[in-house]
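What follows is one structure encoded as structure tokens, with my remarks underneath.
What follows draws every value from the coordinates through simple rules; no lab data is involved. Owing to the predicted nature of the structure, the values given are computational and were not obtained by experimental measurement. Note: ideal-geometry Cβ built from the backbone for every residue, glycine included; neighbour counts use all protein chains shown.
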Amino acid sequence: MAEGLIQKATGQKQLEDLGSDYFRELSARSFFQPSSRGELSRFVMHDLINDLAQFVARRICFRMEEKLENNEGHTIITKARHSSYVRGYYDGMQKFEIFQNAKNLRSFLPFGLRDNDSYLTSDVPLQLLPSLRRLRVLSLRRYRICELSSSIGDLKHVRFLDLTGALIATLPESVSTLYNLQTLILIDCRNLSKLPTNMSNLINLRHLDVTRANSLQEMPPKIGKLTSLLTLSNFIVRQGNGSTINELGSLIQLRGTLCISGLENVENAMDATRANLKDKQHLDVLLMKWSNISDNSRNTSVDSEVLDMLRPHGKLKELTINGYHGPKFPTWVGNSLFSNMVNLKFQNCDKCISLPPLGRLPSLTKLYIQGTKALQNVGLEFYGSGSSNPFPALEFLTFADMAEWKDWTPFEVEEGSQAFSRLSELSIKRCPKLLGKLPNNLPSLRKLDIKDCPLLVVAWVPCPTGLIEVRNTLQFDSLISLSLKDVSILNSFNNLEVGNEAAATENARYSPLSSLTSLRVESIQGLTCLPSWFVQGLAGLQELSLYGCPELTSLWKNEVRIHHHLLTLQRLVIEGCPKLISLFEEDEDEEGLQQHEELPYMMQLEYLEIKNCEKMEKLPRGLHNLRSLLELMINTCPCIISFPKTGLPSTLRTLRIESCDALRSLPELMMLTSLEKLEVLSCPSLMYLCSSSTGLPCNLRNMHVWGCAKLESVLAEEGMKINCTSLESFAICKCESLKSLPDVTQNNFDGGCLKNLNYLMIEDCENVESIPEGWFAATNLRELQVYGCKKLNGLPHHAYNNLTSLQLLRISSWDVATELISHFTNLTFLRLENVDKGGNKPPSEWGLHRLSSLRRLILVDYGWASFPPVEEEEEDGMMLWLPPSLNGLRILLFRNLEKLSCKEFRSLELLHIWDCPKLTTITKLGLPLSLVHLWISGCPLLSELLIDRLPPSLLDLYIHRCPLLKERCSKKKKGQYWPLISHIPQVEIDFENVFLDPSN
């Protein structure tokens, strides 16, 4: 459309419909094909078609990413009509220099590989784009631009303008002179508060999309003159001299989705009639919004009359009514003539005391009722009088935040009648007074979610005598997911006894919950256990979760020998049950050992998690019989001292133990032959990890130990060695009592017994004095981090020759011969923290320049007064101490640093200067021309940038806790450095975007 390729023929079809026809025709001929991603709106070109299209269009189209020969490229660009490029996260002016000669350009289209926001230099919207006078298609989609030039009005040919995600507060008034404009997209322009006053001049405008432009307060005057509008996402009614709802009347062509907000500003109900919604036959979705602000001065009768007058046409598919203050809904809501209605929402209608007869809507599939605070009863009128099968198509029903709702009158079922025959999901949330009877004849219900309804009493049938009289008996034969939170149960639910095993089995045979696969129980007061008769009925349960049940002491009692407990259960989570002592009640033998019948229970369990159970004392002795268990998580169970002597199942792959304060020992790890991941965190009483003389499990791949203050050794017996060829990652952190790592078994294979180890971290283990040499025979080690170990003297010398694959090295507080680091020739990341600070050799002799692959360098806590750390007479050779491959440099905690220069780092893209309290100057030698990211923080004396200009490559500037520099970079105060930084796409000072924040 914007390129004029679609010409309107005679007849009633709109240009958009013609374009859709053309696209369908091309798709039918395989010119376009549906995307393999499965998204209905995405299509792709076959490679051969794409190649042909590019060949045919090569003289008028170009993509910025294409490499063009000099002469050919100049010719193409000067004649090009259409361009596209992939949007980066930061896009500076250098990227767009190619457009300086593209004076014939008609299309400026950035595309994002992802729909994330990006930052664009202000030079593009303020200088470059106004010079491209022949543009027809202009997109700045997802660029966080803060300003548009008023000269955008000179782009008289623009027909398509997309500013999605822009941070602009107002559009220039000159936009009103873009008389050919057909499409204006302002989606997610959350700061936009006003549209141009004279927008009514844009008589060719067909699409105005202000979706989620939530700061917009009104429509421009006389918007009703835009009679070509097909899309208007939100019409905002303004009180007083603003846009009145009358303006909608003439916009007869509107289609798709329309939101009318600010309806509280309609003072005369007759004005609503003039909106003429009945004649807008192409609308599919309608949203009506009143302000949610409680205002007792509002006239509820006006609200009722306005809604009555806003009756839409009968083909509407979706309707939302939000913030309506009338006591009841008009008769057209729920009228069976709305036969196409599939989705209906009532939100925050807090004065409404009754619901319309929605059961008469034959196509309704989704109904959402939320915030009707005055409603006390959902009565028979809800179903619709005379209807034998109300809600015949409804699949999803939600009630939420209904503060006064007490009772739901069930539909009176007669022979041949059925309400909610297709209802699949029912959700009732935050209805604190609901205590009435719920419908229980829901043959298609698969998911039931009841939360925060503390007066609602629920039970299941059939069940033992004593619960039959409960008002809400759950009897849903198709139910697969049930979630209950903060509802009531009878005390007898826990105490009922089933006389014998046969009776329990017979009861389970007819359980209405036999199809259930997922059960979540949360915050149920009085629940002490799951009765055997109930558990027996969960024949197909796969997931069981119990959260915040304060009285729960065990899952079930052991009073009856039950042969089949949850045979299909795969996932069990118990969290926040402070009285839980054990999973199951168990007897003890004469020696005090736990006894439990060795019967098959939960034999398909794969995942078990127990968290925040303060009184949990023991795990079941029969835990080792769970032959399918793959993951076991124990978190914040401070009373557990040890694991069962019978151990854990050999199938276990992941074991995570966290915040178990009393835990003194782990299970026998060597028996866990399938264990791949072991994490032990914050277990302050644990003294060792492995008791077996054979060390770690043979298939262990990842081991992480953190915060075990009393841990003295990984292995219990002195002299034990590790032999674990599968180990890939090993980390031990904040273990103050640890003195050394265990030795490693030697063998003749390359890399020794740790041949697969690629990650080794030892952090804040202040008493570790040495690391056995065997750890450094791991020739595949890629990351080594050893810091905060005050007594550690350094690496064994042979490590510098063995670790040929090392790519990341972080070390601190070593008196190490720094020049030996240059042996790690494959390093890409190096952090030196207080290393060789007292050494005799200057940094230029450290040999770091030989690290030809080094990309990132972090230097922490050095006392140099200048950077680079050289004398004035050495400046000619001062950069020889670091490699030319370096593209990232971070300088942290240089307490004596006064001046800095990094110009000669010719490849440097990232520079961080952090906490250098004496730094005053970035010298005249300045910054490298390749610099992209500059972050400066905690430099309170820094005020001088002795440079004429910042590198044009700079895309990201961050300044924090630098008050003097902040003053000079202020836009508002016209600081002397503002001209130096105004072109940078992203400038943030003290966490504020300077282009957006008025204080700057």
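Under 23 Å between alpha carbons, and skipping anything fewer than 8 positions from residue 974 in its own chain: which lysines qualify?
Cα-Cα hits under 23 Å: 924, 966.
Suppose R0 equals 51 Å; then what is the FRET efficiency for residue 743 and residue 941 from their Cβ-Cβ distance, rounded to the nearest 0.05? The partial results should precede the final answer.
Numbers: r = 51 Å, r/R0 = 1.00.
Working from the Cβ atoms, E equals 0.50.
Put a dot 7 Å past each Cα toward the Cβ at residue 642 and residue 898; how far apart are the dots in nm?
The answer from the label model is 6.5 nm.
Place a +1 charge on the Cβ of each Lys and Arg in the chain and a -1 charge on the Cβ of each Asp and Glu, then give the dipole magnitude about the Cα centre in debye, rounded to the nearest 20.
So the dipole magnitude of the chain works out to roughly 4360 debye.
Excluding residues on the same chain fewer than 8 positions from residue 79, give the lysines whose Cα lies under 25 Å from its Cα.
In chain and number order, the partners are 67, 95, 103, 156.
Please report the relative contact order for the chain, taking Cα pairs under 8 Å with a sequence separation of at least 6, and give it as a percent rounded to a whole number.
Once normalised by length, the contact order is 4 percent.
At 0.36 nm per residue, minus the direct Cα-Cα distance, what do residue 671 and residue 117 gain on full extension? Give it in nm, one decimal, please.
Details: separation 554, 0.36 × 554 = 199.44 nm, distance 5.10 nm.
Stretched out fully, the residue 671 to residue 117 stretch lengthens by 194.3 nm.
Loop-only GluC sites (Glu not before Pro) in the range 1-60, please: DSSP not H, G, I, E or B, and at most 14 other Cβ atoms within 10 Å. Please report the intermediate quantities before stating the final value.
Working: sites: 3, 16, 25, 39; in loops: 3, 39.
When the GluC sites (Glu not before Pro) of the range 1-60 are filtered for loop state and at most 14 Cβ neighbours within 10 Å, 3, 39 remain.
So if I place +1 on the C-beta of Lys and Arg and -1 on the C-beta of Asp and Glu, and nothing else carries charge, what would the dipole magnitude of the range 15-56 be about its Cα centre? I want it in debye, nearest 20.
Values: 4 positive and 7 negative charges, 32 e Å.
Dipole magnitude for the range 15-56 comes out near 160 debye.
Cα centroid distance between the range 95-123 and the range 659-707, in Å?
Their Cα centres are 55 Å away from one another.
Near residue 618, which lysines are there with a Cα under 17 Å away, not counting those fewer than 8 places off in the same chain?
Result set, ordered by chain and number: 557, 579, 645.
Using only DSSP helix segments of four residues or longer, with each worth -39500 (n - 2.57), what per-residue ellipticity at 222 nm results for the chain after dividing by its residue count and rounding to 500?
Helix-only estimate at 222 nm: -2000 deg cm²/dmol.
Extent of the chain along each principal axis, from alpha carbon coordinates, in Å, largest to smallest?
Extents along the principal axes: 93, 91, 59 Å.
Taking the DSSP beta bridges in the chain as the whole, what percent of them are antiparallel, to the nearest 5?
Working: 6 of 187 bridges.
Expressed as a percentage, antiparallel bridges in the chain total about 5.
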